[in-house]
Amino acid sequence: MYMVVILAALALTGCDNNKVDNQAQKVSAQESVEQFVFECVKDTAIHCNIVAGDLLGTGKWHHATVYVYPDNIDANIDGEHFSKDGFDSSLFEGQKISTYKLKSATGKVAEFTVSEKGAAKMLSLDVWGRDGKKYLTASR
């Protein structure tokens with residue numbers, strides 16, 4: 001009888017320790033994912049991988065992949081496809097600013113901006129929900 005109680009106590013203690021270890025592993029994995037990323041590679045297109053926090057305070061992190069071709073743009077934001085809906089370009093004091101407007105099938109909109117002055121290049125992405133609230137912004 002005493003042996004059963006001791007074994008039960010040991011088993012419960014072991015489960016509690018595993019639970020703490022598993023929670024610690026989940027937190028460290030989550031922390032590693034929750035880092036801002038804006039990486040781009042240029043070959044025949046500019047391919048950008050973006051991870052950024054939510055601006056609306058939900059605690060969510062958003063993932064975007066943007067492909068900028070010489071004559072087109074394509075994006076996937078949180079698993080939703082966005083396609084080109086417009087383009088604006090201007091030149092101001094030697095700085096060329098190109099803004100690609102994108103739209104999803106569900107009515108969300110995004111803007112990807114490329115600002116160039118000499119060899120310096122700045123890229124930015126802004127995304128709005130159907131309600132018009134901006135929920136993602138990132139730049140490099």
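The values are calculated or read from the model by the stated rules, or taken from the named source; none is laboratory data. Remember, it's a predicted structure, so these values are computed and weren't measured experimentally. Cβ: placed from backbone, ideal geometry, glycine included. Neighbour counts: every protein chain shown.
Things worth noting here:
- K42 exposed (fewer than 15 other Cβ atoms within 10 Å of the Cβ) and of a type in the set (K, R): yes
- Qualifying residues in the range 89-140 (those that are in contact (Cβ under 8 Å) with a residue 24 or more places away in the chain and among the aromatic types (F, W, Y)) - the one farthest from Y67 (Cα to Cα): Y135
- Tallying residues that are in a strand (DSSP E or B) and touching a Gly at 6+ places or on another chain (Cβ under 7 Å) within the range 97-127 yields 2.
- Every pair of residues 6+ apart whose Cβ atoms lie under 8 Å, when the first sits in the range 43-71 and is within 17 Å of T137 (Cα to Cα) while the second is part of a strand (DSSP E or B) and of a type in the set (K, R): L55/K134
Table: residues versus (1) of a type in the set (G, A, S); (2) at pLDDT 95 or above; (3) assigned by TED's automatic domain parsing to the domain that holds T113; (4) touching a strand residue (DSSP E or B) at 6+ places or on another chain (Cβ under 7 Å).
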site: I46; (1), (2), (3), (4): no, no, yes, yes
site: A52; (1), (2), (3), (4): yes, yes, yes, yes
site: I73; (1), (2), (3), (4): no, yes, yes, yes
site: G79; (1), (2), (3), (4): yes, yes, yes, no
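- The set of residues from the range 63-96 being assigned to a loop (DSSP other than H, G, I, E, B) and either at positive phi or under 20 Å from the mean Cα position of the chain (by Cα) (or both) comprises D78, G79, E93, G94.
- Per the conditions (1) at pLDDT below 95; (2) on the phi < 0 side of the Ramachandran plot, the sole criterion not satisfied by L125 is (1).
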